[in-house]
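The structure under discussion appears below in the form of structure tokens.
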Amino acid sequence: MITFILIIFYVLHSTYTIPAKWPHKFISFEPPETRPIKRPLGYIEDTYLNFTQLATKYGYPSEQHSVITEDGYVLTVFRILPKCSPAKGFPVILGHGIYDSSDTWIFTGPDTGLGYILSNNCYDAWAVNFRGNTYSRKHLRLDPEKDSAFWEFSFDENGNYDLPALIDYILNVTEKSSVYYVGHSQGSTDFFVMGSLRPDYNERVRLSIQLAPVAWMKNIKSPIPKILSRRSKEIRSALEFAGYNEIFAKHQLTHLVPELLCQIAPNAVCGTVLALTTGYKLGSITSLNLAIGIGHLLVGVSVKTLTHFAQLVDSGQFRRYDEGKAGNTRKYGSTLPPKYDVSLITSPVVLISAKNDWLSTPEDLFILTSRLPNLVENYVVPEPTWSHNNHVWGVNATELVFEKILSFFQKFNT
């Protein structure tokens, strides 16, 4: 374990020098433009294009919006306008996973990116970025490079603050009465947190569809998080003692090295890592999408978020962050962190899961499904090798998942 901590420290310490903060209305950090370096090295272009550049390249009109949460975080949201008028149904919010961003919904291209498919089918799609990732490193008062308080959040704050602010903003802009929500992995966790802590938002959600849903993690099969979760407190303390409240950021070597290696050998590098962590079967995501995808992954996560997930694994409970007895008493009024009460989620919920998902297992989903009061369907993709990330990037995701999403929207449009 000491060796692991030293390796993490070395990798994080060996980052690019962070440039001086640029003048900005908000306190923020922007990584340097890397296109002049990556283009001559032969990188696939879509690897380093950002959300609006990708949308523009493939002929989809997009907008960039800023949403301010009640605790001062500035979130970036990208809107892909529908290709037809008027728009169908309700605006669709797309919520990304833990190491991810809004890009996950479009980087596979116009034929297989859910954001584009929604636009083609006349839906108004909003791809959000939760606090801390490369697009949402802004705050009204805190500097992510200088103030450790910026990183004092987990998925608890994503659900309690970010998602409600995003819903309110989108409903105000679109003048609609409710939204659809599609969450992947932690994007589903954020929704379950909101529904538990802010149940008044149920009336603003017409339908949510949760891909690879994550709440209870008692029975995960992925060996790496199971091992690390036992020492999460010590790992967090070591990283923060060294000054690292964020890891796997886009300007760190933990992003830059995998991005380079996956351009060279996407299946051998990216595919193997996914196989070891999620149950992924090699070949079920194209090598092209693996190569491009890593350029849009590992874009920043707080150490506290990873520790919170580790606590779920270790405790077997879906509950708020454990601050220790004294911290829990101050924050929650009890020595133990309160459990999230998913029975308060009264809006309709569809779960889409996979038989070979090591992070969202059938055993843990059974706990979740038994407590959701308005579960429309727990759809298990009928492909035995389907896993955690196949829902968004898989070879057959359009037929096996996206068409299912569209059919549910069609039922709830009126």
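Condition check for Gly195 on (1) small (Gly, Ala, Ser); (2) more than 18 Å from Tyr321 (Cβ to Cβ); (3) surrounded by 24 or more Cβ atoms within 10 Å (Cβ to Cβ): one failure, at (2).
Among the residues of segment 363-378, which ones are in contact with a strand residue (DSSP E or B) (Cβ under 9 Å, 6 or more places away or on another chain), crowded, with 16+ Cβ neighbours inside 10 Å and over 13 Å from Ile352 (Cα atoms)? The answer is Leu372, and nothing else. Within segment 190-221, the set of residues being assigned to a helix (DSSP H, G or I), under 27 Å from Trp358 (Cβ atoms) and touching a residue at least 60 places away in the same chain (Cβ under 8 Å) comprises Asp190, Phe191, Phe192, Val193, Gly195, Ser196.
The single residue among Tyr161, Tyr169, Tyr135 that is within 19 Å of Ser102 (Cα to Cα), assigned to a loop (DSSP other than H, G, I, E, B), at pLDDT 95 or above and not small (Gly, Ala, Ser) turns out to be Tyr135.
Looking only at segment 113-146, filter to residues that are of a type in the set (D, E, K, R) and in contact (Cβ under 8 Å) with a residue 40 or more places away in the chain; which one of those is nearest to Thr56 (Cα to Cα)? Restricting to residues being of a type in the set (D, E, K, R) and in contact (Cβ under 8 Å) with a residue 40 or more places away in the chain, the top hit is Asp124. Among the conditions (1) at pLDDT 90 or above; (2) more than 15 Å from Gly132 (Cβ to Cβ); (3) not small (Gly, Ala, Ser), Ile224 misses just one, which is (1).
Residue count for segment 177-189 satisfying the condition of being in contact with a Gly (Cβ under 9 Å, 6 or more places away or on another chain) and either among the aliphatic types (A, V, I, L, M) or outside any helix (DSSP H, G or I) (or both): 6. Selection over segment 110-132 of residues that are over 24 Å from Asp168 (Cβ atoms), in contact with a Leu (Cβ under 9 Å, 6 or more places away or on another chain) and in a loop (DSSP other than H, G, I, E, B) gives a count of 2. Look through segment 154-202, keep the residues that are under 21 Å from Val74 (Cα atoms) and charged (D, E, K, R), and return whichever of them is nearest to the chain's Cα centre (by Cα). Taking the candidates together, the pick is Asp190. Given the criteria crowded, with 23+ Cβ neighbours inside 10 Å and either at pLDDT below 95 or within 22 Å of Gly72 (Cβ to Cβ) (or both), does Gln210 qualify? When the stated conditions are applied, Gln210 does not pass them.
When restricted to residues that are more than 22 Å from the chain's Cα centre (by Cα), among the hydrophobic types (A, V, I, L, M, F, W, C) and in a helix (DSSP H, G or I), segment 373-403 contains 0.
Among residues that are crowded, with 19+ Cβ neighbours inside 10 Å, assigned to a helix (DSSP H, G or I) and not hydroxyl-bearing (Ser, Thr, Tyr), Leu406 is not included.
Within segment 331-348, at least one residue is out of contact with any Pro (no Cβ under 7 Å at 6 or more places or on another chain), free of Cβ contacts under 8 Å to residues at least 12 places away in the same chain and part of a helix (DSSP H, G or I). Hey, any hits in segment 149-160 for a residue that's touching a strand residue (DSSP E or B) at 6+ places or on another chain (Cβ under 7 Å) and under 22 Å from His388 (Cα atoms)? Yes, because at least one residue in segment 149-160 is touching a strand residue (DSSP E or B) at 6+ places or on another chain (Cβ under 7 Å) and under 22 Å from His388 (Cα atoms). Considering only residues in segment 287-314 that are small (Gly, Ala, Ser), touching a residue at least 60 places away in the same chain (Cβ under 8 Å) and out of contact with any Cys (no Cβ under 6 Å at 6 or more places or on another chain), the one that is surrounded by the fewest Cβ atoms within 10 Å (Cβ to Cβ) turns out to be Ala310. Taking the numbered list (1) of a type outside the set (Lys, Arg); (2) modelled with pLDDT under 95; (3) under 25 Å from His296 (Cα atoms); (4) assigned to a helix (DSSP H, G or I) in turn, His251 passes all entries but (4).
The values are calculated or read from the model by the stated rules, or taken from the named source; none is laboratory data. Note that the structure is a prediction, hence the values are computed from the model and not measured. Note that each Cβ is placed from the backbone with ideal geometry, even for glycine, and that neighbours are counted across all protein chains shown.
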